[in-house]
Amino acid sequence: MFYDLASTTWGPEEIDAIARVLRGGQFTMGDRVREFEQAFAARFGVKHAVMVNSGSSANLAAVAALSYKEHRPLRRGDEAIVPAISWATTFHPLQQYGLRLRFLDVELDTLNMDVAQLEAALTPRTRLVVAVSILGNPAALDVIRAFCDRHGLYLLEDNCESMGATLNGRPCGTFGHVNTFSTFFSHHISTMEGGILATDDDELNYLARVIRNHGWARDLPGDHDPQSPEGFFEAYRFVMPGYNIRPLEICGAVGLMQLGKLDAMIERRRANAALFVELFGGDERFVLQREHGRSSWFSFTMILNPALGIDRARVMRDLRGAGIGFRMITGGCFPRHEAIRFFDCDMVGPLTNANLAHDHGFFVGNHPRDLTAEITRLREVLDRAARPVQSAAVQ
Ligand SMILES: Cc1ncc(COP(=O)(O)O)c(C=O)c1O
């Protein structure tokens, strides 16, 4: 493919790190994962980072931890305000823990939650807001956090698409009571699969560590030698319902290498974004993502201006023909998926913009390498393919 959605960012360092783990014989979660967690917490200025096997699992552990808090836990029937566009596993743990979702529309240009509608979404049952920064672009996290503080709500920040982005100099993924990241293959750093839960809250950290590890106290400080008098029982103490969502040791080892490259990779992504905006910004055929804060530019979104009647099917055909990869914007408007029939939910208004993004939008890839040739070719292809209906009619 000429211009793919994602590519590997691994070099010999990652392969060597994996080989060292394999030679060492400690395959399951151990010292490398611990080192990665410490480095990650230091890099993002959070007290605790808990690595798990995916961003989806980080969301699951986050919702589970909030549901097992000693004081003011989330309870079944509580309401969560969520954006209409996000990945399915932003929403699924909320359903699994019995929460009622209120879907809020997004802004058409940032693609993030329209915070002007937050007050309208609030009810006496609201207990949680889930904030998502879509495809690298920071949501209005400061406004959302202030709203949560004003109304005594928890904030879960799902930052799985925006590692390395900042808002007012503060890293995305640090605004919530609990925050999540993904290190899936195509994301800003890759451990193949992987995720991180980040929090400053000691109790949420404790709960997340137990929840990721069978509900077992084994991953916590103490004497866990099953053959010592104290450790015999201590080593097998199950303190609450949990899962096995632990990461592999090779993921921790690779994560350490990737984290060291993160800043340089984001600079490269941002340089590509500058070219993308130069070539497509101001073109009335496309609504691009307007940068809010400092984006880490996961990818480049384009919404075909609905007023011009451009045929998206033709655009897709030509992109495919030119070997340019594209996808729906983060799965589109989530309430339009069949899974919604399992949810207790309602919509705060008609979700106009989320539906426009669903019906007229797509994204193409960004990579941490020079994409001048790819983005230039994209421009050539779209100049031919994205024809407003009026001009197509006179041909
Ligand atoms: C916003 C968001 N949340 C959660 C996830 C899940 O992450 P993972 O693929 O690591 O499970 C994704 C995946 O892309 C995502 O985009």
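The values are calculated or read from the model by the stated rules, or taken from the named source; none is laboratory data. Keep in mind it's a predicted model, so treat the numbers as computed, not measured. Every residue, glycine as well, gets a Cβ built from its backbone with ideal geometry; the counts of neighbours run over all protein chains shown.
Return yes or no: is Leu111 outside any strand (DSSP E or B), on the phi > 0 side of the Ramachandran plot and crowded, with 23+ Cβ neighbours inside 10 Å? Working first, answer last.
Details: outside any strand (DSSP E or B): yes; on the phi > 0 side of the Ramachandran plot: yes; crowded, with 23+ Cβ neighbours inside 10 Å: yes.
So Leu111 fits the description; yes.
Taking Phe185 as the residue in question, decide whether it is of a type in the set (A, V, I, L, M, F, W, C), farther than 30 Å from Glu249 by Cβ, part of a loop (DSSP other than H, G, I, E, B) and within 16 Å of the ligand (Cβ to nearest atom).
On the way: of a type in the set (A, V, I, L, M, F, W, C): yes; farther than 30 Å from Glu249 by Cβ: no; part of a loop (DSSP other than H, G, I, E, B): yes; within 16 Å of the ligand (Cβ to nearest atom): yes.
Judged against the criteria, Phe185 is not a match.
So which of Val178, Val210 is under 24 Å from Gly331 (Cα atoms), more than 12 Å from the ligand (Cβ to nearest atom) and not acidic (Asp, Glu)?
Details: Val210 fails: under 24 Å from Gly331 (Cα atoms).
The unique qualifying residue is Val178.
Tally the residues that are at positive phi and either touching a residue at least 12 places away in the same chain (Cβ under 8 Å) or crowded, with 22+ Cβ neighbours inside 10 Å (or both), restricting the search to region 161-175.
Looking only at region 161-175, we keep the residues that are at positive phi, and these are 164, 168-169, 173.
Those left that are additionally either touching a residue at least 12 places away in the same chain (Cβ under 8 Å) or crowded, with 22+ Cβ neighbours inside 10 Å (or both): 164, 168, 173.
So the count comes out to 3.
Whether any residue in region 249-262 is surrounded by fewer than 19 Cβ atoms within 10 Å (Cβ to Cβ), at pLDDT 95 or above and not hydrophobic (A, V, I, L, M, F, W, C) is what I want to check.
yes
Which of (1) more than 15 Å from the ligand (Cβ to nearest atom); (2) in contact (Cβ under 8 Å) with a residue 40 or more places away in the chain; (3) of a type outside the set (A, V, I, L, M, F, W, C) does Thr110 not meet, given it meets every other one?
(1)
Going residue by residue through region 261-281, is there one that turns out to be more than 18 Å from Glu374 (Cβ to Cβ), out of contact with any His (no Cβ under 9 Å at 6 or more places or on another chain) and not in a helix (DSSP H, G or I)?
no
Of all the helices (runs of 4 or more DSSP H) wholly in region 308-395, which have at least 1 residues that are closer than 24 Å to Met1 by Cα?
On the way: elements: 312-321, 352-360, 372-385, 389-393.
Here the list reads 312-321, 352-360, 372-385.
Which residue pairs have Cβ atoms closer than 9 Å, lie 6 or more positions apart in sequence or on different chains, and pair a first residue in region 1-28 that is under 30 Å from Gly323 (Cβ atoms) with a second residue that is exposed (fewer than 12 other Cβ atoms within 10 Å of the Cβ)?
Phe2/Ala373; Tyr3/Ala373; Glu14/Thr8
Looking for whichever is aliphatic (A, V, I, L, M), within 16 Å of Cys333 (Cα to Cα) and within 16 Å of the ligand (Cβ to nearest atom) here; the options are Leu104, Leu128. Which one fits? Full working, then the answer.
Details: Leu128 fails: within 16 Å of Cys333 (Cα to Cα).
Only one candidate passes the filter, namely Leu104.
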